[in-house]
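Reading through the structure tokens given below for one structure.
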Amino acid sequence: MGGMEDYYIAQFFCWREIILLNLEIDIETFSSVNLAKAGVYRYAESPDFEVLLFGYSVDGGEVKVGDLVKGEKIPEEVMSALEDEAVTKWAFNAQFERICISRMLGYEAGTYLVPASWKCSMVWSARAAFLPMPSTTSVSLSMEGVGAVLGLEKQKLTEGKDLILERQSQRTR
């Protein structure tokens, strides 16, 4: 190889590295504040709040999970994409993920990632789940509820919940 071929190969790889269109995200968190009673803002502002697991997929690619408790790092491109408004971030209950990730990134209380580039797969799932059903059908908008309505073979995994319970027991010892 040489000449123009090398140039075009280099251009392709540069182009591919800068085009990140979608980032799918799922996090597992811990806080001593009761989320159901206090809401996401107080939950994430707790001094002991932390993101335990950070799962992500870039442009529908392989799903990767960083165990932040064990010191694993999220790649810089992914971290940059979180604040890039040109990148669409997808999450189940995107409001929760956005507020918690804002805290993880060190944003001060009351300051959060811009919501315009976030899409909520819970809302999209609810729409898909409820459109073909009679209005008397009642379904939980939890991942388990949506997965059951859509007939998904793979439901929400329990590893994250197990890690949160383990973290709680460590803090009470």
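Before moving on, here are some points about what is shown:
- Selection status of Met143, modelled with pLDDT under 80, surrounded by fewer than 13 Cβ atoms within 10 Å (Cβ to Cβ) and out of contact with any Ser or Thr (no Cβ under 6 Å at 6 or more places or on another chain): no
- Within the range 1-43, if we keep just the residues that are surrounded by fewer than 12 Cβ atoms within 10 Å (Cβ to Cβ) and at pLDDT 55 or above, the residue that is nearest to Gly66 (Cα to Cα) turns out to be Leu21.
- Against the list (1) of a type outside the set (Val, Ile, Thr); (2) surrounded by fewer than 14 Cβ atoms within 10 Å (Cβ to Cβ); (3) at pLDDT 95 or above; (4) under 20 Å from Val123 (Cα atoms), the condition Gly60 fails is (3).
- Looking only at residues of the range 93-116 that are in contact with a Ser or Thr (Cβ under 6 Å, 6 or more places away or on another chain) and touching a residue at least 24 places away in the same chain (Cβ under 8 Å), we find that the one that is surrounded by the most Cβ atoms within 10 Å (Cβ to Cβ) is Cys100.
- Just one of the listed residues (Glu50, Glu76) is over 25 Å from Trp124 (Cβ atoms), in contact with a Leu (Cβ under 9 Å, 6 or more places away or on another chain) and of a type outside the set (Phe, Trp, Tyr), namely Glu50.
- Among the residues examined, Asp48 qualifies as of a type in the set (Asp, Glu), within 20 Å of Tyr112 (Cα to Cα), at pLDDT 55 or above and surrounded by fewer than 16 Cβ atoms within 10 Å (Cβ to Cβ).
- Some residue of the range 31-46 being in contact with a Gly (Cβ under 8 Å, 6 or more places away or on another chain) and among the aliphatic types (A, V, I, L, M): no
The values are calculated or read from the model by the stated rules, or taken from the named source; none is laboratory data. Model, not experiment: these values are computed from the prediction. Positions of Cβ are backbone-derived with ideal geometry, glycine not excepted, and every protein chain shown enters the neighbour counts.
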